Amino acid sequence: MSVWVIIPIKPLKQAKSRLASVITPEQRQQFAQALLRNTLETVQGVPQITGTLVISRDSKALAIAREYKAFTVMESGAPELNAALMRAAQVVSGWRADAVLVLPADLPLITREDISAIIDLGRDYRSVVIATDEHEDGTNALMTRPPGMFAYAYGAGSYQRHMALARAAGAAVKVYHSERLMLDVDLPEDLERYIRLTSTNGSARHSLFKPLPDNAK
């Protein structure tokens, strides 16, 4: 089975705007880059993945993606996310992809085991695997086999919309539960939780967020 990962990236300078009340623009940009690199590195190490396609209108983000041997598509103007994802799904369909896994780049705890488990769940033809956040609101991973089975519906409340669309398309829907995938860092409380998790004694992971030195604040 040929599985392609699609990662949409906002312009790095605009990323994590909802953290503006707690960290500086420089920190937000550095954190966004670290999250992107972490996602690309994690995906790169999954043997079941045929390739990765990153879509963005940020040339810096695309340059980072190419460092990890990802294919890239430069979006022009201010593309709408769902339409951009459908175009990307059509591109990889032309490359004979059997399935597409859409991943955001802001899942700091994602592991190769998570991605492999999602792919294994979605091996049946006409299947959808979905992972949500801790509020069961957003969509933190979405695999469809075949690609383009239904129009993407990202945005607030996307989890239930994607579930409904998949069922309406006659797909076998499977939900992947993972505490790691439930954490996406969008809000100050998300960042606080992430820092707390990665600073716990004995933690196996290093934090991707790097506070500025006191004299630089």
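Here are a few things to note about the model shown:
- Of TYR176, TYR194, all but one fail to be buried (at least 16 other Cβ atoms within 10 Å of the Cβ) and modelled with pLDDT under 95; the exception is TYR194.
- Considering residues of the range 151-173 that are more than 16 Å from ALA97 (Cβ to Cβ) and of a type in the set (Phe, Trp, Tyr) only, the residue surrounded by the most Cβ atoms within 10 Å (Cβ to Cβ): TYR159
- None of ASP114, ASP133, ASP137, ASP98 is surrounded by fewer than 19 Cβ atoms within 10 Å (Cβ to Cβ), within 25 Å of LEU208 (Cβ to Cβ) and touching a residue at least 40 places away in the same chain (Cβ under 8 Å) except ASP133.
- So ALA105, is it crowded, with 18+ Cβ neighbours inside 10 Å, touching a residue at least 24 places away in the same chain (Cβ under 8 Å) and closer than 30 Å to ARG193 by Cα: yes
- Evaluation of GLY45 against (1) surrounded by 14 or more Cβ atoms within 10 Å (Cβ to Cβ); (2) in contact (Cβ under 8 Å) with a residue 24 or more places away in the chain (one fails), failing number: (1)
Matching residues to (1) at pLDDT 95 or above; (2) within 30 Å of ILE23 (Cβ to Cβ); (3) β-branched (Val, Ile, Thr):
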{"residue": "ALA99", "(1), (2), (3)": "yes, no, no"}
{"residue": "ASP120", "(1), (2), (3)": "yes, no, no"}
{"residue": "SER127", "(1), (2), (3)": "yes, no, no"}
{"residue": "GLU134", "(1), (2), (3)": "no, yes, no"}
{"residue": "ALA141", "(1), (2), (3)": "yes, yes, no"}
{"residue": "VAL185", "(1), (2), (3)": "no, yes, yes"}
{"residue": "ASP190", "(1), (2), (3)": "no, yes, no"}
{"residue": "PRO213", "(1), (2), (3)": "no, yes, no"}
{"residue": "LYS217", "(1), (2), (3)": "no, yes, no"}
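- Qualifying residue in the range 143-154 (condition: among the hydroxyl-bearing types (Ser, Thr, Tyr), without any contact (Cβ under 8 Å) to a residue 60 or more places away in the chain and in contact with a Ser or Thr (Cβ under 7 Å, 6 or more places away or on another chain)): no
The values are calculated or read from the model by the stated rules, or taken from the named source; none is laboratory data. These numbers come from a predicted model, not from an experiment. Positions of Cβ are backbone-derived with ideal geometry, glycine not excepted, and every protein chain shown enters the neighbour counts.
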